[in-house]
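Since the structure comes first, as structure tokens, the remarks are kept for the end.
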Amino acid sequence: MSATALWGWMVLIALGISVGGVAWRLRGLLARPLRPDRSPARGSAWRGILYAFTMGMMPWAKESTRQHLLPYLRGVLFHVGIFATLASLAVSPWRLSLPAPLAVGGLVLTGIGAAGGVIGILMRIFDERLRALSHPDDYAAVALVTAWQAAGVAFWADPRWMAVFYGLSALTLVAIPVTKIRHCIYFFFSRFFFGLFYGRRAVLG
């Protein structure tokens, strides 16, 4: 069995571990009691939830993003790169048969994400305020995802890097439930309850 094939199996095993870990996290989260909101509703909760997942995520919706547009855009590009790297992993078995424009697109998007990750690490190092708020897990999570995206760039540039890409993909998948990368789970809950709470009070929507 080639190294690439071996790492391909490792990615599948890591995916199973990741899904199991995320399910365990979700079980603990959903087991927590939900305190009912006993205040009378003044607006539509669902309109608030819709706002929270749409217009509420725009840069002008929050003062922090309005005043710090470039860090916001960096974060957007970083996460676009994450989705592009996930898509790269999904299509990787057919890499050699994919059309050239798709390979170029994958190279560009994963490269943008990796660049956003590097900038994010530098910001945490050199920005005194971010440095004070950052913990080792913050650095480790961003560094791992950035390295994974960089491996995606290498994979699109030269298929011989596929084994390295698979190795970092497996490591990233396993890390999701045990590092701050798991915020990808909590994000949806936080936005949902944010919209629910303020939508009922006719503040949003």
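The values are calculated or read from the model by the stated rules, or taken from the named source; none is laboratory data. Predicted model, so just to flag it, every value in this text is computed and none were measured. FYI the Cβ positions are ideal-geometry reconstructions off the backbone, even for glycines, and counts take in every protein chain you see. What goes into the accessible areas is simple: the full protein's heavy atoms, side chains included, and nothing from ligands, DNA or RNA. Shrake-Rupley method; radii C 1.70, N 1.55, O 1.52, S 1.80 Å.
General remarks:
- Residue in the range 124-132 that is open to solvent by 30 Å² or more (accessible area, probe 1.4 Å) and in contact (Cβ under 8 Å) with a residue 40 or more places away in the chain present: no
- Any helices (runs of 4 or more DSSP H) falling wholly within the range 15-120 and containing at least 2 residues that are at pLDDT 95 or above: 69-91
- Subset of the range 145-162 that is surrounded by fewer than 18 Cβ atoms within 10 Å (Cβ to Cβ) and among the aliphatic types (A, V, I, L, M) - its residue that is farthest from the chain's Cα centre (by Cα): ALA157
- Checking SER169, SER92, SER97 one by one, the residue that is more than 27 Å from THR54 (Cβ to Cβ), hydroxyl-bearing (Ser, Thr, Tyr), open to solvent by less than 30 Å² (accessible area, probe 1.4 Å) and over 15 Å from the mean Cα position of the chain (by Cα) is SER92 and no other.
- Residue within the range 41-53 that is exposed (fewer than 13 other Cβ atoms within 10 Å of the Cβ) and of a type in the set (Phe, Trp, Tyr) present: no
- Residues located in the range 175-184, provided they are out of contact with any Ser or Thr (no Cβ under 9 Å at 6 or more places or on another chain) and surrounded by 15 or more Cβ atoms within 10 Å (Cβ to Cβ): THR179, LYS180, ARG182
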